[in-house]
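First up is the structure itself, then whatever we jot down about it.
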Amino acid sequence: MVLARLTAGVFLGVLSAGALAAAPEAPLIAIDVGHSLAKPGSTSARGRPEFEFNRELAAAVDRALHLYGFRTQLIGEQGDMTGLTDRTKAAAGADFFLSIHHDSVQPQYLQTWIVGEEKQKWTDRFSGYSLFVSRKNQHLKKSLACAQAIGEAMRMAGQTPSLHHAEPIKGENRPLADKINGVYYFDDLVVLKTASSPAVLVEAGIIVNKHDELGLREPATKRRIAFAIASGLRDCLNAPATISGRG
């Protein structure tokens, strides 16, 4: 993969360069910013809403995909989209649906600490990313291939898959589709099963983990994850193999 061959300087340089306009026939990727302002998802170890993490990473993914020559469509970035099927309806016509999230754990694993005089919950028990596909999606084979490609690219970028969603407890017990690359089946995730295209949900990291949260806030980490996602999608969708850009 291109990701593994890029030096640090080239990696940062390409991401900061302006992308050439995508060709009209280039695949269109719908990037779903998970959650909303009204329903912001999980809360990080230091009290930050998941939606803010999701929106920042989605913007980085958008930039990386453009550098790979994809067309993109951001969905829910304003924070005002609360209906889950509204998201997949908005993505009608896209070649791929990518939902961006950040992860938490089951309540029994959380501890309490004080951050700025406020109680927050955290754990250091679990760390890493997870990827989900639905067997109810009409394009399961392609969804799974892309999830595996993204997971492999994320591992090559130094990220580690978390296996805590496979734990046989209430709220988890998700069957693993690819243990090495951190891919699970989660059949009833609404945005995955109702998408009209292949679809993958990315949990980029566990924000209730104190250490992971700090890393996921870093611009360099967001760029690295975004570039891994773009690299995986390029490979599974057979997009052009070279990065296009200009100063």
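Bear in mind that the values in this text are calculations on the coordinates, not laboratory data. Fair warning: this is a prediction, and the values are worked out from it, not measured in the lab. FYI the Cβ positions are ideal-geometry reconstructions off the backbone, even for glycines, and counts take in every protein chain you see.
Before moving on, here are some points about what is shown:
- Measuring nothing but how far apart in sequence close Cα pairs (under 8 Å, 6+ apart) lie, relative to its length, the range 25-237 scores a relative contact order of 29 percent.
- Amide H to amide H, with H built 1.01 Å from N, His102 comes under 5 Å of Ala204, counting only residues 5 or more places away or on other chains.
- Total charge dipole magnitude, the chain, about the Cα centre, Cβ charges on Lys, Arg, Asp, Glu only, Debye to nearest 20: 320
- The peptide list 152-158, 56-62, 88-94, put in order of mean Cβ contacts within 10 Å with the highest first, becomes 56-62, 152-158, 88-94.
- With a cut-off of 10 Å between beta carbons, the residues surrounding Leu74 carry a summed charge of -2, where Lys and Arg count +1 and Asp and Glu -1.
- Proximity of backbone amide H atoms, modeled 1.01 Å from N, is registered between Thr72 and Ile29 at under 5 Å, excluding neighbours fewer than 5 places apart on the same chain.
- 5 angstrom amide H check on Asp187, placed H, neighbours 5+ away: Arg135
- Under 20 Å from the Gln111 label point (7 Å along Cα→beta-carbon), backbone N, the range 187-208: 206-208
- A simple count of charges around Thr194, restricted to other residues whose Cβ falls under 14 Å of its Cβ and scoring Lys, Arg +1 and Asp, Glu -1, yields +1.
- Reachable lysines, given that their alpha-carbon falls under 24 Å from the alpha-carbon of Lys89 and they are not under 8 places away in the same chain: Lys39, Lys136, Lys141, Lys142, Lys193
- For the range 55-69, the Karplus equation 6.51 cos²θ - 1.76 cosθ + 1.60, evaluated at θ = phi - 60°, returns couplings of 5, 5, 5, 4, 5, 5, 5, 4, 5, 5, 5, 4, 5, 8, x Hz by residue, with Gly and Pro reported as x.
- Exposure proxy order (Cβ contacts within 10 Å, fewest to most) of Asp32, Asp95: Asp95, Asp32
- Most mobile listed residue (Pro49, Pro40, Pro168) in the chain, GNM with C-alpha springs under 10 Å: Pro168
- Backbone geometry of the range 146-155 corresponds, through the Karplus equation with coefficients 6.51, -1.76 and 1.60 at θ = phi - 60°, to 3J(HN,Hα) couplings of 6, 4, 5, 5, 5, x, 5, 5, 5, 5 Hz, x marking Gly and Pro.
- Exposure proxy ranking, count of Cβ atoms within 10 Å, fewest first, for Ser143, Ser196: Ser196, Ser143
- Alpha-carbon centroids, the range 130-195 and the range 53-105: separation in whole Å: 17
- MRE, 222 nm, helices only [DSSP H, n ≥ 4, -39500 (n - 2.57), over the chain, to nearest 500]: -10500 deg cm²/dmol
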